[in-house]
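One structure below.
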Amino acid sequence: MQTTLKRTPLFAAHQRAGGKLIEFGGWEMPVQYSSITDEHHCVRRAAGMFDISHMGEVLVSGPAAESFLNATLTNDLRKLTPGHGQYTLLCNERGGVIDDLYAYRTGATDFLLIVNASRITEDVAWLEKQLAAFPQRSAVTLQNVSEHTAAVAIQGPKTPGLLDQLFPEAKPSRLKKNQIACGKFGGVPVAVARTGYTGEDGFEIVAPATIIESLWDTALKLGHPFCLQPCGLGARDTLRTEMCYPLYGHELDENTTPIEAGVGFFVALDKGEFIGRNVLAEQKQNGVTRKCVAFKLPEKSAPPRPGYPIWSTGPDARAIGHVASGTQSPSLNTGIGMGFVPPQFAAVNTPLEIEVRGRRWPAVVAAKPLYRKPAA
């Protein structure tokens, strides 16, 4: 039985712009407009705009909202003052990742969670289940507003000037990384956060679904002097892979912990009890049986893809893991990726081999991130 794909409020805009549409997490989304490589370079050098309306938005508020979220998420929300956000993870009792997300404190007792498109249903169900057992549940309100909310990401070194033209009263260029502010578009309040998934400076704008197409069109018009281009999921993936940012379903899932995935920095073991803490504390102390590493292949090698086997080298070579994410890097002009291997193979410069369609290509474990901005 064929499932009907969901569409964002920008679907018509993607069609008008000639976007090539694919299925992604149950959504019909643009993978590219021109070429993935051109869109990638556009973000690295100027400005690119992505439709991220498929992602979910959950509001958590009330006198006990902070306590509830701190008992549920891995990072420490007590560190956030109003207008600030942080990357964090939602884990099960085994320490496995239900989702990775951004949490913003938008007021003293108000929080906005930005969650992955493919995990909205699971996240909300999990949060509701935990809230039902939370002693102060009457002091917490949980709202899934994803259906009525849309978002765009505008990324690249030229974006601050463009955002100041889009939201002159909010002056987004004054925001520091992971700060969020209220702007207005056509008199309608929108949230503007200085964050992104590309490794470049940039912003994400969360707005009512009813105005997002007008905002998109206006940004493209104002963005002409900034060389702004619409960009698809293909460039978003190559950009995040160069930065070694995890993608749910690849580096993260319910059977993979933040420690194994290499995002243990966002696990605040010192904040008190939270779901999954015991397992994560044990892993931090005693180590794990597999680690997510970054790797590079030589130029002109075949690009690695998710699921491809990773081999050790030498006379005792054997399959030791698998590629989680892999692509041809437009910035580095070589094959790159991330994958899981036993810890004895995780040190930088460790030689590996990646099996691509029956042939094993040499690779080497590389430091994260794989791409670093050239010195100005």
Practice item. Could you check, for segment 187-208, whether at least one of its residues is part of a helix (DSSP H, G or I) and assigned by TED's automatic domain parsing to the domain that holds R45? Key: no
**Study point:** Failed criterion for P168 (all others in (1) assigned to a helix (DSSP H, G or I); (2) assigned by TED's automatic domain parsing to the domain that holds V206 hold)
**Key:** (1)
Exercise for review: Within segment 207-220, identify whether any single residue is in contact with a helix residue (DSSP H, G or I) (Cβ under 7 Å, 6 or more places away or on another chain), closer than 30 Å to A71 by Cα and either surrounded by 17 or more Cβ atoms within 10 Å (Cβ to Cβ) or of a type in the set (S, T, Y) (or both), and answer yes or no.
Suggested key: yes
**Study point:** Filter result for the condition that a residue is in contact (Cβ under 8 Å) with a residue 60 or more places away in the chain and within 18 Å of T241 (Cα to Cα), over A268, A294
**Key:** A294
Practice item. Evaluate the following for T159: is it crowded, with 21+ Cβ neighbours inside 10 Å, polar (S, T, N, Q) and out of contact with any Ser or Thr (no Cβ under 6 Å at 6 or more places or on another chain)? Key: yes
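Matching residues to (1) closer than 27 Å to W126 by Cβ; (2) in the same structural domain as L222 (by TED's automatic domain parsing); (3) within 19 Å of the chain's Cα centre (by Cα):
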residue	(1), (2), (3)
E23	yes, yes, yes
E28	yes, yes, yes
H40	no, yes, yes
R45	no, yes, no
S61	yes, no, no
A71	yes, no, no
P82	yes, no, no
Check your understanding: Residue check, G223 against (1) in contact with a Phe, Trp or Tyr (Cβ under 7 Å, 6 or more places away or on another chain); (2) surrounded by 19 or more Cβ atoms within 10 Å (Cβ to Cβ), all met but one. Which one?
Key -> (1)
Revision key, fill the gap. Among (1) among the polar types (S, T, N, Q); (2) more than 14 Å from the chain's Cα centre (by Cα); (3) within 21 Å of Q179 (Cβ to Cβ), S67 falls short only on (3)
Practice item. Check whether at least one residue in segment 120-137 is within 22 Å of F266 (Cβ to Cβ), touching a Leu at 6+ places or on another chain (Cβ under 8 Å) and not aliphatic (A, V, I, L, M), and report yes or no. Key: yes
Point to revise | Restricting segment 289-322 to residues that are hydroxyl-bearing (S, T, Y) and under 23 Å from A261 (Cβ atoms), the residue that is surrounded by the fewest Cβ atoms within 10 Å (Cβ to Cβ) | key: T289
Exercise for review: Filter segment 317-374 down to residues that are among the hydroxyl-bearing types (S, T, Y) and part of a loop (DSSP other than H, G, I, E, B) and give me whichever is nearest to T238 (Cα to Cα).
Suggested key: S331
Review point. How many residues does segment 255-288 hold that are of a type in the set (D, E, K, R), under 19 Å from F345 (Cα atoms) and surrounded by fewer than 18 Cβ atoms within 10 Å (Cβ to Cβ)?
Key: 1
Point to revise | Filter pass, I336 being modelled with pLDDT of 95 or more, under 26 Å from T198 (Cα atoms) and buried (at least 16 other Cβ atoms within 10 Å of the Cβ) | key: yes
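The values are calculated or read from the model by the stated rules, or taken from the named source; none is laboratory data. Because the structure is predicted, anything quoted here is derived from the model rather than measured. Virtual Cβ from ideal backbone geometry, glycine too; neighbours counted across all protein chains shown.
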